[in-house]
Amino acid sequence: MSSHEALRQAQFILDSLHVKDGIVHAAYEIKNYLIDLVLDGFLEEMDFYNIMIALSPQSRSPFWEKYFIQKYGCRPVNRNEDRGDLEKDDRYYEYKASGFNRDNALHIVQIKFWQNCDYIVQSISSYGVITFVLTHDQMIQEAIRCKATSAHGTRSVTTLNERNELRMILFID
């Protein structure tokens, strides 16, 4: 890329910042209505996900979870139960979603192996949604394979069963 092209791209970005801010603001304004719009058939599921990418990962992940719970008729689990995020057919699950990452990977954070539950992991991109259902033991095996680390700080992980939230990255080929 030439200096001239880089300068042209930089100017394009600067000129577009107000548009991006407007999109983010609009997404925050309608986020509480999006799930109903999809479930009622007024909005396509992929449009829901594409609108939600305007939000930060910390903001969009709870809405992806809420949508999953409503779409599949699950029961949300109270945090005090310490059994994951949702229950379906007497099985408990922790919901993890990762989406629109430029490194073609699933970033899974706040894994709590002390909870007695299985895992629903979703990879969300502009190409669609892939859902994985893993048992508790399968998720532990993935954590070992991917060399999971502490999600908060640099504390070393000595055992997967201690009350230390973990993080891992699954690279998609």
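The values are calculated or read from the model by the stated rules, or taken from the named source; none is laboratory data. These numbers come from a predicted model, not from an experiment. Methodologically, a virtual Cβ is constructed for each residue, glycine included, from the backbone with ideal geometry; neighbour enumeration extends over all protein chains shown.
Would you check if there is a residue in the range 138-158 being under 30 Å from Asp36 (Cβ atoms), at pLDDT below 95 and out of contact with any Ser or Thr (no Cβ under 9 Å at 6 or more places or on another chain)? Within the range 138-158 (the criterion being under 30 Å from Asp36 (Cβ atoms), at pLDDT below 95 and out of contact with any Ser or Thr (no Cβ under 9 Å at 6 or more places or on another chain)), the answer is no, since none of the residues qualifies.
Among the candidates Phe12, Phe42, Phe48, single out the residue that is at pLDDT 90 or above, farther than 22 Å from Ala97 by Cβ and outside the structural domain of Ala97 (by TED's automatic domain parsing).
Numbers: Phe12 fails: at pLDDT 90 or above; Phe48 fails: farther than 22 Å from Ala97 by Cβ.
After ruling out the rest, the residue left standing is Phe42.
Every listed requirement among (1) in a strand (DSSP E or B); (2) crowded, with 17+ Cβ neighbours inside 10 Å is met by Glu142 save one, (1). Just name the residue that is surrounded by the most Cβ atoms within 10 Å (Cβ to Cβ) out of those in the range 65-75 that are out of contact with any strand residue (DSSP E or B) (no Cβ under 6 Å at 6 or more places or on another chain) and over 20 Å from Phe100 (Cα atoms). Filtering first and then ranking leaves Gln70.
Restrict the check to the range 126-139 and report whether at least one residue is hydroxyl-bearing (Ser, Thr, Tyr) and surrounded by 15 or more Cβ atoms within 10 Å (Cβ to Cβ).
Just the residues of the range 126-139 that are hydroxyl-bearing (Ser, Thr, Tyr), to begin with: 126-127, 131, 135.
Filter once more, so that each one left must be surrounded by 15 or more Cβ atoms within 10 Å (Cβ to Cβ): none.
No, the range 126-139 contains no residue that is hydroxyl-bearing (Ser, Thr, Tyr) and surrounded by 15 or more Cβ atoms within 10 Å (Cβ to Cβ).
Would the range 95-117 turn up any residue that is crowded, with 20+ Cβ neighbours inside 10 Å and out of contact with any strand residue (DSSP E or B) (no Cβ under 6 Å at 6 or more places or on another chain)? Scanning the range 95-117 turns up at least one residue that is crowded, with 20+ Cβ neighbours inside 10 Å and out of contact with any strand residue (DSSP E or B) (no Cβ under 6 Å at 6 or more places or on another chain). I want to confirm something. Restricting to the range 24-64 and keeping residues that are aliphatic (A, V, I, L, M) and loosely packed, with under 13 Cβ neighbours inside 10 Å, which single residue is nearest to Ile120 (Cα to Cα)? Filtering the range 24-64 for residues that are aliphatic (A, V, I, L, M) and loosely packed, with under 13 Cβ neighbours inside 10 Å, the one nearest to Ile120 (Cα to Cα) comes out as Ile30. Among the residues making up the range 122-138, those that are in contact (Cβ under 8 Å) with a residue 60 or more places away in the chain and assigned to a strand (DSSP E or B) are Ile124, Gly128, Val129.
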